[in-house]
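Structure first, commentary second.
Quick note: the coordinates plus some simple rules give every number you see, no bench work behind them. Just so it is clear, the structure is predicted and the values come from calculations on it, not from any experiment. No Cβ is skipped: glycine too gets one built from the backbone with ideal geometry, and neighbour counts run over all protein chains shown.
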Amino acid sequence: MGPDQLFKNSQLETVKAWLVNPAHAAMPRHARIQRAIRQLILDSVLGPGKPLPASRALATSLGVSRDTVEAAYTQLHAEGFIERRVGSGSFVAEVTEFGLKDRRSNRDVRARRQEADLSGRGAAIVEGGGMRTMLSPIAFTHGMPETRNFPIQLWERLQRQVLREYGTKALLHGDPQGAEPLRRAIADYVNLERGARATADRVLVLTCSQQAMTLCANMLLNPGDRIFIEDPAYQGARKAFNAAGLDCVFVPVDRQGMVVEHIMNDPLGAKAVSLTPSHQFPTGAKLSLDRRLMLIDWAERHGAWLLEDDYDSEFHYNGKPTECVQGLDPHDRTIYIGTFTKSLFPSLRIGYVVLPPQLVGPMTIARSLLDGHTSVIPQLTLARFMSGGHFGAHIRSMRGLYAERLEALTHFVRQYLSDFVEPYVPFGGLQMPCVLICDLSERAIIDAGRREGIELFGLSSLNASQHAQTGFLLGFAAYTPPELEAAVKKLADLLHGMSRQKAAPSITHS
Ligand SMILES: Cc1ncc(COP(=O)(O)O)c(C=O)c1O
């Protein structure tokens, strides 16, 4: 079927207009096609379920290569705007991972955007949907640490000591690079525990990893520059790079992590690589040593940056985690990103980067424009928490607790859900990927789960490739074994009900 039958002339014209508009000249062609189609979807011109033209036919109509259209479709799929069904083509998604609410309110978003008179960049950020920050600790919300047993009295005591020692000085502006005692504590910690090569003057304290990714995307790359990113990948990284107008080039992941051979063989190269080498998000793979070394060598030869997101290495359950890439990199091409969101508690809002020396000044200036600096009193309290040995003790005790919870979840999934999912038991982290092995729809299960008070995160939304596995990322760290068992049983009831319902018509007709 040709594009004219699937795309009305006016729709085709919209895409062509994006392609030739000089205002979009900095964007690669596939990004212009992707943005045009995304706009048609957001404006409800292309409604849910609407088939899109085959990439070959659309490429012919637009006078571009099929690869260009494929790249646009891949990105639309990665962002959840379209679904790709093997053998039958591409369709506008019924709903996206950003939730029904976002999709239903596209008209509102459009109206608000017009009212707010946003820039193209601003509009793209709003359309990306941002990150859901107010996550509630309902099983199986992923990425959540246990906070109910946090040593709050100890924290309060350390904070009082800070206020006593610094007095009203603690109320003044702080160093945009971060409080020196905290930078020192972080450098000591990453050197000892993560095999990094850090000094206090190379640490920049930030609000979170998300801020680190946004800073890197804007300070190290220009709009339209290519960045290699894992497929599947953490949605926060992808959104930060999209918001900065970068061209995300997806690299598959296998059991040894990102398949860096794709990067070596890509003639177009890229300015940066974003990766989670210690514990790939969400598959849990560990990047093998030879791939680490290949990447470091490639980055040096190409003058590219490696953005190493080391988000949960504190929680590896079978011995010490592999040391970080930054510590192996003698050429200073790696930016190490760390966070206390999972190792302590999410509301702390303290993350950090370990920077190559030449980037410390520029990145500190850039952060001063974003939020000035991180709040001083929590920084000084955290510095004491770390240097007093409490951080190490907390991690050790949480590691034991989470290991038990992982074992419990694995047991319950095998006991109650074996007809529906296959668990991929991770060696670390706060969540377990479970792949669907039945023919129920991932989306339908997520929606039904939400109605029953179960939070499920779909694996397919993290993938760019059309052959993504469906399933869920089940968070376990923030829930006790009885809470996990109750949630697993509820999910099992729900799945049994859904499969009975699915089988029902054929029973009636036979
Ligand atoms: C891979 C990855 N990186 C970073 C983060 C978030 O860290 P932060 O709160 O510091 O932005 C998460 C949280 O889920 C994550 O999964």
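Beyond 31 Å, what percent of the Cα pairs of the chain remain?
The calculated P(r) of the chain puts 49 percent of pairs beyond 31 Å.
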For the chain, whose charge dipole is built from +1 on Lys and Arg Cβ atoms and -1 on Asp and Glu Cβ atoms, the candidate among 468, 365, 416 with its Cα farthest towards the positive end is 365
Here the relative contact order (percent) of the stretch 185-321, from C-alpha pairs under 8 Å and at least 6 apart, is 20
Computed for the chain: size of charge dipole around the Cα centre, +1 on C-beta of each Lys and Arg, -1 on C-beta of each Asp and Glu, debye to nearest 20, value 800
Listing 199, 68, 480 by rising number of other beta-carbon atoms within 10 angstrom, fewest first, gives 199, 480, 68
Least to most buried among 340, 281, 476, 91, by other C-beta atoms within 10 Å and fewest first, runs 91, 340, 281, 476
Mean separation of Cα contacts under 8 Å (at least 6 apart) over the residue count of the stretch 152-388, i.e. the relative contact order in percent, is 28
antiparallel share of DSSP beta bridges within the chain, to nearest 5, in %, is 60
Sorted by chain and then number, the residues having a modelled amide H within less than 5 Å of the amide H of residue 226, at least 5 places away or on another chain, are 247, 271
Mean Cβ-within-10 Å packing, highest first, puts peptides 27-33, 61-67, 222-228, 232-238 in the order 232-238, 27-33, 222-228, 61-67
Going through 169/320; 16/286; 16/271 one by one, the pairs whose alpha carbons sit over 31 Å apart turn out to be 169/320; 16/286
For the chain the mean separation of alpha carbon contacts under 8 Å (6+ apart) over residue count, i.e. relative contact order in percent, is 17
Neighbour-count ranking for 316, 496, 77 (other C-beta within 10 angstrom, fewest to most) reads 496, 316, 77
From the Cα centre of the stretch 268-345 to that of the stretch 182-253, the distance in Å is 10
For residue 490, the aspartates and glutamates lying under 15 Å Cα to Cα, once residues fewer than eight places off in the same chain are dropped, come out as 419, 447, 452, 455
Taking the chain and counting helices only, DSSP H stretches of n ≥ 4 at -39,500 (n - 2.57) each over all residues, the nearest-500 ellipticity at 222 nm comes to -15000 deg cm²/dmol
Computed about the Cα centre, the charge dipole of the stretch 401-481 from +1 Lys/Arg and -1 Asp/Glu charges at the Cβ has a magnitude in debye, to the nearest 20, of 140
Rounded to the nearest Å, the spacing of the alpha-carbon centers of the stretch 361-399 and the stretch 400-424 is 33
